[in-house]
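The values are calculated or read from the model by the stated rules, or taken from the named source; none is laboratory data. Computed from a prediction, not measured in an experiment: that's the story for all the values here. Backbone-built Cβ (ideal geometry, glycine too); neighbour counts: all protein chains shown. These accessible areas exclude ligands, DNA and RNA; they are computed on the full protein's heavy atoms, side chains included. Shrake-Rupley method; radii C 1.70, N 1.55, O 1.52, S 1.80 Å.
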Amino acid sequence: MNLDKFFLKSDLIPAVVQEKSTGEVLMLAYMNKDSLEKTLETGYTWFWSRSRQELWNKGATSGHLQKVIEIYSDCDDDTLLVTVEQTGAACHTGNHSCFFTKIK
């Protein structure tokens with residue numbers, strides 16, 4: 001598959017990560033072409049860290065891995081939905097999901 005179509009508008013695209021078994025949204029991260037390729041090759045999520053300016057394999061340090069089940073693109077091919085089997089917490093704070101702060 002030619003991945004270039006996902007990066008026509010930007011070098012980075014948002015990737016919404018959702019737990020397959022529950023439908024819970026776990027996190028939002030960004031992928032570049034290299035991280036998407038690594039995700040497809042390994043079957044585990046890889047992202048581009050905007051703060052560190054490097055690729056990172058989610059859970060490689062913590063053991064809280066995300067095994068990829070499916071990847072969907074949106075209708076504009078500029079956002080991804082990645083459904084995963086989450087091991088442990090998805091959030092670096094220790095929460096299962098990064099979306100735990102209720103605003104309203």
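Restricting to the stretch 48-75, what's the tally of residues that are free of Cβ contacts under 8 Å to residues at least 12 places away in the same chain and in contact with a Lys or Arg (Cβ under 8 Å, 6 or more places away or on another chain)?
0
Looking only at the stretch 54-86, count how many residues are modelled with pLDDT of 95 or more and open to solvent by 70 Å² or more (accessible area, probe 1.4 Å).
Counting residues in the stretch 54-86 that are modelled with pLDDT of 95 or more and open to solvent by 70 Å² or more (accessible area, probe 1.4 Å) gives 7.
I'm checking my understanding of the structure. Among residues of the stretch 1-19 that are of a type outside the set (A, V, I, L, M, F, W, C) and part of a loop (DSSP other than H, G, I, E, B), which one is least open to solvent (accessible area, probe 1.4 Å)? Steps first, please.
Step one: filter the stretch 1-19 for residues of a type outside the set (A, V, I, L, M, F, W, C), giving 2, 4-5, 9-11, 14, 18-19.
Among the residues that remain, those that are also part of a loop (DSSP other than H, G, I, E, B) are: 2, 9-11.
Numbers: ASN2: 101, LYS9: 146, SER10: 52, ASP11: 120 Å².
For the stretch 1-19, the residue satisfying everything is SER10.
So GLU37 fits all but one of (1) exposed (fewer than 13 other Cβ atoms within 10 Å of the Cβ); (2) out of contact with any strand residue (DSSP E or B) (no Cβ under 7 Å at 6 or more places or on another chain); what number is the exception?
Going through (1) exposed (fewer than 13 other Cβ atoms within 10 Å of the Cβ); (2) out of contact with any strand residue (DSSP E or B) (no Cβ under 7 Å at 6 or more places or on another chain) one by one, GLU37 breaks only (1).
Would you confirm whether or not the stretch 3-18 contains a residue that is of a type in the set (Gly, Ala, Ser) and either in contact with a His (Cβ under 8 Å, 6 or more places away or on another chain) or more than 22 Å from ASP77 (Cβ to Cβ) (or both)?
Taking the stretch 3-18 as the starting set, the residues that turn out to be of a type in the set (Gly, Ala, Ser) are 10, 15.
Next, from what is left, pick out any that are either in contact with a His (Cβ under 8 Å, 6 or more places away or on another chain) or more than 22 Å from ASP77 (Cβ to Cβ) (or both): none.
No.
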